Amino acid sequence: MDDDERRRQGEAKRRDVLGHAWVDKSAAGRNAFNADFLDLITRYAWGEIWTRPQIDPRTRRVLVIGTLLALGQWEEFRLHVRAALTEGGFTPQDIKEILLQQAIYCGVPAVNHATKEALAVIQELGLLDR
């Protein structure tokens, strides 16, 4: 696969995972400074890794959410929680299960904060069941 094909597949996968609105917003912010980076992640993160057939998209989402939690990358964590809920067929219960699993391996303080971040997204989307 050449870079043009990787870019095309990466763009399509990124839209599948994050949704058209997010990708369009990101593309609108493209400029001379960040264009090379955006192209890099489109070709490689999305076109090379997310398109590999060995791991299904749902499992990739779980891995990404758990990894971002472990790294404390809260902006990206919220992005992927939102995308899982709106584009990936996840429920708030699914997100809660990921967080509970991560509490054991990443620690309670990390998941305490992740719970607040995920809850804010769930509330913004109107998905909180009382």
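Residues in the range 2-51 that are basic (Lys, Arg) and either assigned to a helix (DSSP H, G or I) or in the same structural domain as GLU87 (by TED's automatic domain parsing) (or both): ARG6, ARG7, ARG8, LYS13, ARG14, ARG15, LYS25, ARG43. Candidates in the range 52-66 are the residues that are outside any loop (DSSP other than H, G, I, E, B) and out of contact with any helix residue (DSSP H, G or I) (no Cβ under 9 Å at 6 or more places or on another chain); of these, the one that is nearest to GLN102 (Cα to Cα) is LEU63. Considered as a group, the residues in the range 108-130 that are surrounded by fewer than 12 Cβ atoms within 10 Å (Cβ to Cβ) and farther than 19 Å from GLU75 by Cα include one that is modelled with the lowest pLDDT, and that residue is ARG130.
Conditions tested, residue by residue: (1) touching a Leu at 6+ places or on another chain (Cβ under 9 Å); (2) farther than 25 Å from ALA21 by Cβ; (3) touching a residue at least 40 places away in the same chain (Cβ under 8 Å); (4) not hydroxyl-bearing (Ser, Thr, Tyr).
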| site | (1), (2), (3), (4) |
| --- | --- |
| ASP56 | no, no, no, yes |
| THR59 | no, no, no, no |
| GLY72 | no, yes, yes, yes |
| ALA84 | no, no, no, yes |
| GLY89 | no, no, no, yes |
| ILE98 | yes, no, no, yes |
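Among the residues of the range 1-17, the ones that are closer than 14 Å to LEU40 by Cβ and among the basic types (Lys, Arg) come to 3 in all. Residues that are of a type in the set (A, V, I, L, M, F, W, C) and within 10 Å of the chain's Cα centre (by Cα) within the range 54-72 comprise VAL62, LEU63, VAL64, ILE65, LEU68, listed in sequence order. Any chance the range 20-43 includes a residue that's at pLDDT below 95, among the acidic types (Asp, Glu) and surrounded by fewer than 11 Cβ atoms within 10 Å (Cβ to Cβ)? No, there is no match, as no residue in the range 20-43 is at pLDDT below 95, among the acidic types (Asp, Glu) and surrounded by fewer than 11 Cβ atoms within 10 Å (Cβ to Cβ).
The values are calculated or read from the model by the stated rules, or taken from the named source; none is laboratory data. Worth saying up front: this structure is predicted, and the values here are computed from it rather than measured. So basically every Cβ, Gly included, is an ideal-geometry build from the backbone, and we count neighbours across all protein chains shown.
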